[in-house]
Amino acid sequence: MIDVRAIAVTRATRVREALAVLDRAASGILLLVDAGGRFERTITDGDLRRLLLEGHGLDATLQALPVMRSIVIDSAYSRRDALDLMNRHSINHLPVIDAAGHAVEVLERRAIDQQILLSVPHMGMAEREYVEEAFRSNWIAPLGPNVDAFERELAQAVGVGHAAALSSGTAAIHLALRLLGVGLGDRVFCSTLTFVASASPIVYQGAEPVFIDSEPHSWNMSAAALGRAFDAAVKAGRLPKAVVVVNLYGQSADLDPLRALCDRHGVPIVEDAAESLGARYKGRASGTGGRIGVFSFNGNKIITTSGGGMLVSDDAALVERARFLATQARDPAPHYQHSEIGYNYRMSNILAGVGRGQLKVLDERVRARREVFERYREGLADLSELAWMPEPEWSFSTRWLTACTLDPRSTRMSAQEFVARLGAELIEARPLWKPMHLQPLFAHCEYFSHGDASVSDRLFASGLCLPSGSNLSGAQQQRVIDTMRSILRGG
Ligand SMILES: *Cc1c(COP(=O)(O)O)cnc(C)c1O
């Protein structure tokens with residue numbers, strides 16, 4: 001940080017002294033102030049050079065410097081305002097001027113231009129080697145030894161019988177529904193508080209989603225709401241073909257009561273564990289509690305292949321059929337023969353190499369994300385208007401994203417406004433997922449709430465996710481914490 005007093009000069013300062021100060025401070029800029037210490041203009045080494053070229057000697061004073069209005073910002077600035085101003089005027093230094101006209105700070109571009117993102121990829125040591133092996137052996141095609149090994153290694157890591165590596169988590173959910181016979185006119189129950197990819201494959205199959213609310217203890221599917229949805233389905237004589245249970249932000253749903261309901265009606269569960277690889281439910285790996293489980297390796301997930309997904313199940317025939325459908329449903333014939341419709345959904349051998357390397361560091365990544373969560377909770381413990389996403393005793397969450405709610409009664413600010421204020425400080429926070437039953441796309445779909453009031457509506461209105469990457473540095477996180485406190489406490 002630049003010490004503003006060390007770079008302040010007056011019109012009485014000699015050029016020689018000004019050059020020496022500039023050299024000593026290595027600030028790239030001087031501040032010309034008047035006798036009262038009020039800021040007048042900035043001085044660069046170019047300004048001093050021009051004085052010399054105009055024939056003013058080293059012993060001349062700065063009296064000859066032209067009067068000029070410098071670009072400045074007032075002390076209520078946001079980082080984004082400051083950066084916009086620097087960009088607009090192609091400058092790298094920006095004095096901050098208080099109400100009395102004094103320079104209180106000089107912002108430097110390289111210190112300001114630092115965006116903190118929600119969740120970014122975090123490579124380990126081994127990915128490159130697996131990818132290079134794919135190049136060495138020319139296994140660049142989809143499929144290949146990395147794909148087979150990634151499937152085996154992931155199945156082993158989560159303790160499931162079989163796994164099929166796919167091009168995305170969305171593709172995995174789509175195949176899961178297809179495998180369970182979901183088709184035209186069918187209904188599928190689905191968690192409402194989720195990313196759209198949990199539900200869109202239902203529509204791909206020509207089926208209709210019915211959305212189920214969250215319960216307040218895990219923010220995941222409510223057994224009370226699911227029970228009422230089943231009661232209504234029984235009454236209407238239209239049971240769903242499947243139930244998509246989502247594990248939100250790295251935390252498993254409370255599966256036992258959900259499974260009891262589904263078993264009673266003979267309806268299989270697709271566990272959307274796209275966000276919860278590495279989490280556990282009552283000691284059991286997340287993603288292995290339903291008939292079929294789904295993981296995602298999208299760029300923002302806890303481990304990534306840049307894009308990819310995995311479908312897992314203990315049913316070998318089901319997973320084998322997933323691989324068949326994912327490679328254009330090609331019949332076992334020497335010529336190209338097809339008896340049913342398939343997809344091009346397999347993962348490439350290169351990306352599977354990235355996945356193998358990432359899987360090796362999964363436990364470290366989970367630990368790091370949980371630590372990020374703890375640092376937020378401890379660092380902001382005094383702000384009672386913040387409540388953290390709960391972790392029930394049966395859950396081991398990965399804390400993929402640190403999620404919290406802002407009590408609207410004790411702040412004058414909505415979660416949306418808070419997210420926007422953080423954004424102005426170049427901190428990427430996000431509102432919680434907008435529930436599916438509130439999406440224009442699904443406005444016509446049926447919805448069952450947890451109780452009289454909808455839990456997911458309340459969470460959406462008050463919740464947000466904070467930067468949570470496993471590679472978030474201590475200094476970055478401290479900046480988020482300090483900024484949050486200063487916004488909430490009007491600093
Ligand atoms: C990311 C995500 C998906 C989709 O995974 P992709 O690999 O991006 O297709 C599905 N469901 C949830 C809950 C997700 O967060």
### Message
On the basis of being open to solvent by less than 50 Å² (accessible area, probe 1.4 Å), touching a residue at least 40 places away in the same chain (Cβ under 8 Å) and within 28 Å of PRO467 (Cβ to Cβ), does VAL96 make the cut?
### Response
no
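Is it true that SER191 is more than 29 Å from ARG458 (Cα to Cα) and hydroxyl-bearing (Ser, Thr, Tyr)? Before the answer, list the steps.
Values: more than 29 Å from ARG458 (Cα to Cα): no; hydroxyl-bearing (Ser, Thr, Tyr): yes.
So SER191 does not fit the description; no.
Taking segment 34-84, which residues are in contact with a Ser or Thr (Cβ under 6 Å, 6 or more places away or on another chain) and farther than 30 Å from ILE487 by Cβ? Outline the logic, then answer.
Here is the first cut: in segment 34-84, the residues in contact with a Ser or Thr (Cβ under 6 Å, 6 or more places away or on another chain) are 41-42, 62, 70.
Scanning segment 34-84 gives ARG41, LEU62.
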### Message
Any residue in segment 298-313 that is closer than 18 Å to THR402 by Cβ sitting within a Cβ distance under 9 Å of a residue that is basic (Lys, Arg) and open to solvent by 10 Å² or more (accessible area, probe 1.4 Å)? List the pairs, counting only those 6 or more apart or interchain.
### Response
ILE302/ARG365; ILE303/ARG365
### Summary
Restricting segment 343-354 to residues that are open to solvent by less than 20 Å² (accessible area, probe 1.4 Å) and of a type outside the set (A, V, I, L, M), the one farthest from the chain's Cα centre (by Cα) turns out to be ASN349
### Query
Restricted to segment 143-157, and to residues that are under 20 Å from ASN247 (Cβ atoms) and touching a helix residue (DSSP H, G or I) at 6+ places or on another chain (Cβ under 7 Å), which residue is nearest to the ligand (Cβ to nearest atom)?
LEU154
### Task
Would you be able to say whether some residue in segment 48-66 is assigned to a helix (DSSP H, G or I) and among the polar types (S, T, N, Q)?
yes
### Task
Can you give me the number of residues within segment 101-130 that are over 30 Å from ARG88 (Cα atoms), open to solvent by 30 Å² or more (accessible area, probe 1.4 Å) and not in a loop (DSSP other than H, G, I, E, B)?
3
#### Entry: Top-ranked residue of segment 402-434 - restricted to ones that are more than 20 Å from GLY490 (Cβ to Cβ) and of a type in the set (D, E, K, R), ranked as surrounded by the fewest Cβ atoms within 10 Å (Cβ to Cβ)
LYS434
### Task
Scan (1) outside any helix (DSSP H, G or I); (2) open to solvent by less than 20 Å² (accessible area, probe 1.4 Å) for the single condition GLY357 breaks and write down its number.
(1)
### Message
All but one of (1) of a type outside the set (A, V, I, L, M); (2) surrounded by 13 or more Cβ atoms within 10 Å (Cβ to Cβ); (3) assigned to a helix (DSSP H, G or I) hold for SER70; state the number of the condition that does not hold.
### Response
(3)
### Message
Among the residues that make up segment 232-248, is at least one of them surrounded by fewer than 22 Cβ atoms within 10 Å (Cβ to Cβ) and either within 16 Å of the ligand (Cβ to nearest atom) or under 28 Å from the mean Cα position of the chain (by Cα) (or both)?
### Response
no
### Query
List, please: which pairs have Cβ atoms under 8 Å, are six or more places apart or on different chains, and start with a residue in segment 448-468 that is within 29 Å of ARG187 (Cα to Cα) and of a type in the set (A, V, I, L, M, F, W, C) and end with one that is part of a strand (DSSP E or B) and open to solvent by less than 30 Å² (accessible area, probe 1.4 Å)?
PHE448/VAL210; PHE448/PHE211; PHE448/ILE212; VAL455/SER214; LEU459/SER214; LEU459/THR405
### Summary
Considering only strands (runs of 3 or more DSSP E) wholly within segment 158-223, the ones with at least 2 residues that are within 13 Å of the ligand (Cβ to nearest atom) are 162-166, 187-191
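The values are calculated or read from the model by the stated rules, or taken from the named source; none is laboratory data. Given the structure is predicted, the values throughout are model-derived calculations rather than measurements. Neighbour counts are summed over all protein chains in view; Cβ atoms, including those assigned to glycine, are modelled from backbone coordinates with ideal geometry. Accessible surface areas use protein heavy atoms only, side chains included; no ligands, DNA or RNA. Shrake-Rupley method; radii C 1.70, N 1.55, O 1.52, S 1.80 Å.
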